[in-house]
Amino acid sequence: MNPTKGRRVTLQDIAQRTGYTANTVSRALKNKSDISEATCKYIQDVAAEMGYIRNQMASSLRSGQTRTLGLVVGGMSNPYYGIMADQIQDAAMEHGYSLLILCSRDHADLEMRVTEAALSHQVDGILLFPSYGSARTIERLRSLDVPFVLMGRQLEDDNADSVICNEELGAYLITRHLIEGGCRSLAYMSNYDVVFASQHRLAGYRHACLEAGLPESAERSCILNDDEAILHQLLAWKQQGVRGVFYFCDDEAWRAVNLLAQQGLHIPSDFAIAGFDNIQGMLPFPSPLCSVEYAPARMARSGVELLLRRIRREDLPPQHIVFEPTVVCRGSCGRETAGRCPAPAQGLRP
C-alpha cells in the first residue's frame, strides 16, 4: 500500500524511502555541489517516481520571493499579446521564474483590478502593457515599492522603465513601402485608439506621405470598430481612388481583408494592404501580409532581464530600451517580389 496516496509527497517521505536525511534530500533536489552526482540522480529519480512536487509557497516564505512575475496584457484574443506572452514566459523560465498572466482589456479600471490580483499573489515584479489611465496603476506599484517595467508602450512619465519598438519609424517605413510599391493615394485605419502606439504610428504614416508629396493621403485616416462602418469607409475610399491602406496592426488588417473578400474585392489588385507586428512571422495566417517586424523575442528577453535587475534592487537610472523595426514584404503591397526590407540608412529617426 502506498502511504502517500491521496496526499502531497514530502521531503520526509522521500527521506524515508531513500534512507537519506530530509536535509540531504532537499539539497539533492536542488543539485547542491556538496551532494554527489550519483546521489542527486538517485534521490531525484525516487522523487519523480513518488510524484514529488516542490512546495513553492514554503520556499517563498523562506526566501521572501515567489519567483513569479506578473504580466498584464490587453487581451489574449489579440495574437500580438499571445506572441508576446509566449516569448516573455520563455525568457522568464530561463531565469527560473514562472508567469502569472492577466488581461486588462486596455481599460484602466480593470487594469488596476488585475494588477491588485497579481499583487495578492505576491509576484516579485510586474511587466505591464499600459492602457490609457495607467498612471493610477503605476502610482500604486510605486507606493508599494513593487518593481515594474512598461512593455510595448511608453507613458509621459520618463521615470518608468520601458521596452518598446520604434513605432513611428515602423509606420514610416511600412507607409513608404506602400508608396514605393506604386501606391500614390493612401489611407490609414485603426479600430481603436491605443495609448502611445496610435499617436506614433499615425505620425509615422503622415511623415511618409508628406515626404512623398501626398498631403491628401497624410490627412486620410480614421478610427472605426464596427464592421459595417469599416466596410463602408473602405468602399468610399475605393471610390475616391485610394490604392493602399496601412492598418494599425495585422489583426485589424486581416479583419479588413475578410470584409473586402465578402464584397468580391481582392488583395492587392483592389487594395494594397500593410499592417504592423508581423504576426505571420509566428502564426500561419493564410492571407500574406506586408508588415512591420519588431523582434518580439528580443523585446521580451530585454523586458524580463530589466525587471529582474529591478527585483535585485540594482542601482541604475530609468531605462528606455527601443528596438528598431524592419519591413517584411509578402506581396500585399502589390510588388512582384517579396522579402525582408531593411530600414534605410537615411529616414525618420524620431
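What the Cα convex hull of segment 205-263 gives, in volume per residue, is 85 Å³.
With the radius of gyration and the Kirkwood radius both derived from the Cα set of segment 119-262, what is their ratio Rg to Rh? Present the calculation step by step, with values, prior to reporting the outcome.
Details: Rg = 18.3 Å, Rh = 16.9 Å.
Computed over Cα atoms, the ratio is 1.08.
When THR66, THR175 are compared by accessible area of protein heavy atoms, the largest-first order is THR66, THR175, using a 1.4 Å probe. Net charge in the neighbourhood of THR10 (other residues with Cβ under 12 Å of its Cβ; Lys, Arg +1, Asp, Glu -1) is +3. Per residue, what accessible area does segment 64-147 have, given a 1.4 Å probe and all protein chains present, in Å²? Here the residues of segment 64-147 average 44 Å² of exposed surface.
Computed on protein heavy atoms with a 1.4 Å probe, the accessible areas place LYS30, LYS238 in the order LYS30, LYS238, largest first. Global dimensions of the chain from alpha-carbon coordinates: Rg and Dmax equal 25.2, 83 Å.
For HIS320, the accessible surface of its heavy atoms amounts to roughly 80 Å² (probe 1.4 Å, protein chains only, rounded to the nearest 10).
For the chain, modelled as a GNM whose springs connect Cα atoms under 10 angstrom apart, the maximal fluctuation among GLN122, GLN89, GLN233 occurs at GLN233.
Our coupling estimate for segment 263-278, obtained by passing each phi through the Karplus curve with A = 6.51, B = -1.76, C = 1.60 and θ = phi - 60°, is 9, x, 9, 10, 10, x, 5, 8, 9, 7, 10, 8, x, 8, 3, 6 Hz, Gly and Pro reported as x. With all protein chains in place and ligands, DNA and RNA left out, the 1.4 Å accessible area ranks MET93, MET189, MET112 as MET93, MET112, MET189, largest first.
Starting from 0.36 nm per residue, how many nanometres of slack lie between ARG105 and ARG142 once their C-alpha separation is accounted for? Show your work: numbers first, answer last.
Working: separation 37, 0.36 × 37 = 13.32 nm, distance 2.23 nm.
This chain segment gains 11.1 nm when fully extended.
The values are calculated or read from the model by the stated rules, or taken from the named source; none is laboratory data. What you see is a predicted model; the values in this text were computed from it and never measured. With ideal geometry, Cβ positions are generated from the backbone for all residues, glycine too; neighbour counts draw on all protein chains shown. Note: accessible area is taken over every heavy atom of the protein model, side chains too, but ligands, DNA and RNA are not part of it. Shrake-Rupley method; radii C 1.70, N 1.55, O 1.52, S 1.80 Å.
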